Amino acid sequence: MHHLDLQVIQRARAWTGDGHRVWLCTVLSTFGSAPRAPGSLLAANDEGDWIGSLSGGCVEEDFLERLGEGAFAEPVALVRYGEGSDPRARVRLPCGGVLEVLVENLAANDAARAHLAELESALAGQRRLVREIDLPEGGRRLRADSGQGPRVERDPRQVRIRIGAAQRLLLAGYSSVAEVCARYALPLGFEVLLCDPREEVLRGVDLPGVEIRRELPSAVIAAGACHADTAVVALTHDPRIDDLAMIEAVRSEAFYIGVMGSRQTSEKRRERLRRSGGLNETEIARIIAPIGLGLGSKTPAEIALAVLADILRVRNGIARDAL
């Protein structure tokens, strides 16, 4: 499944290959209620074609109208939508929110095509990058990104945007907690993959938008299902599912690896993984167990909330002791 930002970059790259100038728009920040998260993309070309989304409709219409009038001729521009303070934004968001958008003017040349090709590879999961865009000159660079943190950072002279594959949640095995995690993760922008070979457990499970594979999670992980923007969680209390998934997950690039269980259960699992799984201390240290934030969770919904909150904490580069 290709997420929307990847489709945007692929289309923009094709347009530049056909000789069209492209305007690449990135949501930098949102205030109040805004429908698209920082880092979301839209692209338009010099013939009025466009792809992507900034707000779900109202901002796109205004931007394209302005573009048709000859606006955004400079290499890079910042536009603030929603509060009426920016003369280049003639709309207010119905939801009452505010969003700031970076608009880059890309010529149909080799440099732009090469830059878009690098972004495509990052969004496809081949690597993670940070884009650095100078303000107001529009100079741009790419560097490798090996950490977690905010999707967008900026100062008066530069914008830095993390580029990676669509966030993925790999659920190792089905349970009532896993089902709620899946339902919570979709509106947070995660691709959700549920892996479980047990037909009797999956019978009657209906999770729209979730890819279900009737395979051992460990086999799916070993086959390359985890990239650096993947969170792997095991929530079954079944060692045959959970332990094997952990053994494979620590060998992957997954940014979050967690397994459900009490402190006593988790310590027994660590000992099994050392003795039978052959994991070393560095690998075992990658596993978050007990999983999730300590919210006093008891019900499946509460546990799922604690799990997703902890995944977001790690994704945003926030230490537990900073909460």
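With the condition kept exactly as written, say whether any residue in the stretch 30-41 is open to solvent by less than 40 Å² (accessible area, probe 1.4 Å) and modelled with pLDDT of 90 or more. Yes: the stretch 30-41 contains one or more residues that are open to solvent by less than 40 Å² (accessible area, probe 1.4 Å) and modelled with pLDDT of 90 or more.
Listed conditions (1) open to solvent by 70 Å² or more (accessible area, probe 1.4 Å); (2) modelled with pLDDT under 95; (3) part of a helix (DSSP H, G or I) are all met by residue 204, apart from (3).
Examine the stretch 299-314 for a residue that is modelled with pLDDT of 95 or more, exposed (fewer than 15 other Cβ atoms within 10 Å of the Cβ) and farther than 19 Å from residue 184 by Cα, and state whether such a residue exists. No, the conditions are met nowhere in the stretch 299-314. Look at (1) open to solvent by less than 20 Å² (accessible area, probe 1.4 Å); (2) not in a helix (DSSP H, G or I) and you find that residue 177 fails only one, number (2). Residue count for the stretch 283-313, restricted to those that are among the small types (Gly, Ala, Ser) and either at positive phi or in contact with a Cys (Cβ under 7 Å, 6 or more places away or on another chain) (or both): 3. For the stretch 225-273, what are the residues that are assigned to a loop (DSSP other than H, G, I, E, B), within 17 Å of residue 177 (Cβ to Cβ) and among the β-branched types (Val, Ile, Thr)? Listed by number, the list holds a single entry, 236. Counting the residues of the stretch 43-56 that are among the polar types (S, T, N, Q), at pLDDT 85 or above and open to solvent by 10 Å² or more (accessible area, probe 1.4 Å) gives 1. Within the stretch 140-166, the set of residues being open to solvent by less than 30 Å² (accessible area, probe 1.4 Å) and over 22 Å from the mean Cα position of the chain (by Cα) is empty. For residues that are open to solvent by less than 30 Å² (accessible area, probe 1.4 Å) and among the hydroxyl-bearing types (Ser, Thr, Tyr), scanning just the stretch 253-293, find the one that is farthest from residue 306 (Cα to Cα). If we take residues in the stretch 253-293 being open to solvent by less than 30 Å² (accessible area, probe 1.4 Å) and among the hydroxyl-bearing types (Ser, Thr, Tyr), then 266 is farthest from residue 306 (Cα to Cα).
Being without any contact (Cβ under 8 Å) to a residue 60 or more places away in the chain, under 28 Å from residue 117 (Cα atoms) and basic (Lys, Arg) holds for only one residue in 198, 157, and it is 157. Residue 172 - would you say it is surrounded by fewer than 20 Cβ atoms within 10 Å (Cβ to Cβ), under 23 Å from the mean Cα position of the chain (by Cα) and touching a residue at least 60 places away in the same chain (Cβ under 8 Å)? No: the conditions fail for residue 172.
For the stretch 57-82, the tally of residues that are at pLDDT 90 or above and assigned to a loop (DSSP other than H, G, I, E, B) stands at 7.
Restricting 233, 210 to residues that are of a type in the set (A, V, I, L, M), farther than 21 Å from residue 288 by Cα, open to solvent by less than 50 Å² (accessible area, probe 1.4 Å) and modelled with pLDDT of 95 or more narrows the list to 210. Only a single item in (1) open to solvent by less than 60 Å² (accessible area, probe 1.4 Å); (2) of a type outside the set (Phe, Trp, Tyr); (3) in a loop (DSSP other than H, G, I, E, B) is not met by residue 136, and it is number (1).
Do we have residue 162 as outside any helix (DSSP H, G or I) and not hydrophobic (A, V, I, L, M, F, W, C) here? Considered against the rule, which asks whether it is outside any helix (DSSP H, G or I) and not hydrophobic (A, V, I, L, M, F, W, C), residue 162 comes out as yes. Output the residues belonging to the stretch 279-323 that are assigned to a loop (DSSP other than H, G, I, E, B) and touching a residue at least 24 places away in the same chain (Cβ under 8 Å). Once the filter is applied, which keeps residues that are assigned to a loop (DSSP other than H, G, I, E, B) and touching a residue at least 24 places away in the same chain (Cβ under 8 Å), the stretch 279-323 yields 279, 286, 289, 290, 291, 292, 293, 316, 317, 323. Look at residue 222 and say whether it is in a helix (DSSP H, G or I) and at pLDDT 95 or above. Yes; evaluated as a whole, the condition is true for this residue.
Note on the stretch 110-133: among residues that are more than 20 Å from residue 14 (Cα to Cα) and part of a loop (DSSP other than H, G, I, E, B), the one that is modelled with the highest pLDDT is 128.
The values are calculated or read from the model by the stated rules, or taken from the named source; none is laboratory data. Everything quoted here is computed from the prediction, not taken from an experiment. So basically every Cβ, Gly included, is an ideal-geometry build from the backbone, and we count neighbours across all protein chains shown. Note: areas computed on protein heavy atoms with side chains; ligands, DNA, RNA excluded. Shrake-Rupley method; radii C 1.70, N 1.55, O 1.52, S 1.80 Å.
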